[in-house]
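K.L.:
Attaching a single structure in structure tokens format; questions to follow.
The values are calculated or read from the model by the stated rules, or taken from the named source; none is laboratory data. Computed from a prediction, not measured in an experiment: that's the story for all the values here. As a convention, Cβ positions derive from the backbone with ideal geometry for all residues, glycine included, and neighbour counts pool all protein chains shown.
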Amino acid sequence: MTPARRADDGPPPIDTRLGLLFAAYFATAGVLAPYLPLYLQHRGLSAVEIGIVLAMGQAMRLAGPGLWGWLADRRGHRLLILRWTALAACLSFATIFVPGGFVLLFTVMLFVNFFMTAQMPLGEAITASYLRTDAAAPHAARLYGRLRACGSIGFIVLVLAAGVLFDVAGIEWQPVLTLGLFALAAWAAFRVREHAVPEPAHARVSVRSRLAEPRVQWFFLSVALMVFAHGALYTYLSLYLAQLGYSTTAIGVFWVVGVVVEIAFFYTQGRFFRRFGAFALLNVAFLLAVLRFFLIAEFAHWWVLLFIAQVLHAATFAVHHSASILTVQQWFPGAAAARGQALYVSIGYGLGGTAGSLLAAWLWSAVGPSAAFLSSSAAAALGWWAVQRARALDARTPQPALA
């Protein structure tokens, strides 16, 4: 167990093993998110089939995180499940080299995503236990931001390197690189150590009763709407930019732009959370999401406006993600931690992400690419309204309230 620190000891160090886990996981995402749609297109899948494969990945988050979170909290084997699901995801992805079309690729990614749904809920729960080993509570947001920044750095490095590699060698190298990163992520999972923290009696909560609270319901609705808004981005941004004439390298650069600013926020977020609080930051994140997806829908052919839209990723993802994760950590502490994180992933990325990807696939084919991103802007506006409801209800809730 990490020894407790005094509040005046200065900023605590990050756990390098957890940092490596975040870096490896998001490095893998850095090759999957921008380039898997291009590889699936290379394998002969249509735009609708690509949308279905990627939407299925989101759909697996409806049930997968809840299952893994329940097993981890009830059986007390978070670390064991984290390790073996990481290895299973790696072995599942290896079957992508078998010749085949839509059915094969759908099946491969179904298993890959099923095992991947365990990674972040359990990683976040283990991280929450690490944060609670530090007696200096004001450092929690700063510590989490630095750990999450490790993931952003891994994402950036792989997106840029992969874009250049695929421009030179071809997109057919995408699964080779991805398999190597899955292996790295599995190795990182086996290096993680859990920080055992005794749970105070007053911190114990019923997951069912907490989820029944109106403020929690409105909050999770807002999460689902924000991830819904990103459905078109994660599914079709690369194909959209390729249609507009951008090279593979340029597409990688535009994916990276927002993540660079995202890292700056993660490293400095402690001061923002202390000054403004989670709900105020969520409010800004949703308003900027409305603007971001409108710019992509209507002005992506102007690289300057596309650049601005991608810079806003620091708000629509980083600000929103940190505020949401820290909120879930406060509302679902101790033995409820893995299930709380699982709810965040299942409702947000499972329900919201699946619906967003499927609607984007339909709009892309039936109306056009611009319509898919306009639906994202509308979803973000609805999410802003849901946050206002959650904020008003939280203000009337005695404890535990948001910092």
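K.L.:
Quick one: which of Tyr267, Tyr344 is within 24 Å of Phe26 (Cβ to Cβ), of a type in the set (Ser, Thr, Tyr) and either touching a strand residue (DSSP E or B) at 6+ places or on another chain (Cβ under 9 Å) or surrounded by fewer than 21 Cβ atoms within 10 Å (Cβ to Cβ) (or both)?
P.N.:
Numbers: Tyr344 fails: either touching a strand residue (DSSP E or B) at 6+ places or on another chain (Cβ under 9 Å) or surrounded by fewer than 21 Cβ atoms within 10 Å (Cβ to Cβ) (or both).
One residue alone meets the criteria, Tyr267.
K.L.:
Still on this structure, I have one more. Suppose the filter is farther than 18 Å from Gly356 by Cα and either in contact with a helix residue (DSSP H, G or I) (Cβ under 7 Å, 6 or more places away or on another chain) or basic (Lys, Arg) (or both); does Leu244 pass it? Give the steps one after another, and end with the answer.
P.N.:
Working: farther than 18 Å from Gly356 by Cα: yes; either in contact with a helix residue (DSSP H, G or I) (Cβ under 7 Å, 6 or more places away or on another chain) or basic (Lys, Arg) (or both): no.
The answer is no for Leu244.
K.L.:
Still on this structure, please answer the following. Quick one: what pairs do we get from region 49-69, first residue closer than 17 Å to Tyr39 by Cα and modelled with pLDDT of 85 or more, second surrounded by fewer than 24 Cβ atoms within 10 Å (Cβ to Cβ) and of a type in the set (S, T, N, Q), C-beta under 7 Å, 6+ apart or different chains?
P.N.:
Close Cβ pairs (under 7 Å, with a partner that is surrounded by fewer than 24 Cβ atoms within 10 Å (Cβ to Cβ) and of a type in the set (S, T, N, Q)) amount to Ile50/Gln41.
K.L.:
Kindly check whether there is at least one residue in region 287-310 that is touching a Gly at 6+ places or on another chain (Cβ under 6 Å), among the basic types (Lys, Arg) and either assigned to a helix (DSSP H, G or I) or surrounded by 24 or more Cβ atoms within 10 Å (Cβ to Cβ) (or both).
P.N.:
Within region 287-310, not a single residue is touching a Gly at 6+ places or on another chain (Cβ under 6 Å), among the basic types (Lys, Arg) and either assigned to a helix (DSSP H, G or I) or surrounded by 24 or more Cβ atoms within 10 Å (Cβ to Cβ) (or both).
K.L.:
Now a separate question. Of the residues that make up region 383-402, is at least one crowded, with 24+ Cβ neighbours inside 10 Å, at pLDDT 85 or above and within 30 Å of His301 (Cα to Cα)?
P.N.:
Looking for residues that are crowded, with 24+ Cβ neighbours inside 10 Å, at pLDDT 85 or above and within 30 Å of His301 (Cα to Cα), one finds at least one in region 383-402, hence yes.
K.L.:
Against the definition (farther than 19 Å from Gly69 by Cβ, modelled with pLDDT of 80 or more and buried (at least 22 other Cβ atoms within 10 Å of the Cβ)), how does Thr95 come out, yes or no? Please lay out each step first, then the result.
P.N.:
On the way: farther than 19 Å from Gly69 by Cβ: yes; modelled with pLDDT of 80 or more: yes; buried (at least 22 other Cβ atoms within 10 Å of the Cβ): no.
The answer is no for Thr95.
K.L.:
A further question follows. Ile325 passes all but one of (1) touching a helix residue (DSSP H, G or I) at 6+ places or on another chain (Cβ under 8 Å); (2) at pLDDT 90 or above; which number fails?
P.N.:
That leaves (2) as the condition not met.
K.L.:
With the checklist (1) under 21 Å from Phe155 (Cα atoms); (2) surrounded by fewer than 19 Cβ atoms within 10 Å (Cβ to Cβ); (3) touching a residue at least 60 places away in the same chain (Cβ under 8 Å) in hand, flag the one item Val261 doesn't pass.
P.N.:
Checking Val261 against (1) under 21 Å from Phe155 (Cα atoms); (2) surrounded by fewer than 19 Cβ atoms within 10 Å (Cβ to Cβ); (3) touching a residue at least 60 places away in the same chain (Cβ under 8 Å), the one that fails is (3).
K.L.:
I'd like to verify a number: residues in region 159-197 that are at pLDDT 90 or above and closer than 17 Å to Ala86 by Cβ, how many?
P.N.:
Of the residues in that region, 14 qualify.
K.L.:
Between Glu194, Glu262, which is acidic (Asp, Glu) and not in a helix (DSSP H, G or I)?
P.N.:
Just a single option satisfies the conditions, and that option is Glu194.
K.L.:
Still on this structure: Considering only residues of region 13-29 that are at pLDDT 85 or above, farther than 20 Å from Tyr344 by Cα and of a type outside the set (A, V, I, L, M), which is farthest from the chain's Cα centre (by Cα)?
P.N.:
Step by step, filter region 13-29, then rank; the result is Arg17.
K.L.:
Right, here's the next one. Considering Gly245, Gly277, which residue is out of contact with any Leu (no Cβ under 7 Å at 6 or more places or on another chain) and on the phi > 0 side of the Ramachandran plot?
P.N.:
Being out of contact with any Leu (no Cβ under 7 Å at 6 or more places or on another chain) and on the phi > 0 side of the Ramachandran plot holds for just one of Gly245, Gly277, which is Gly245.
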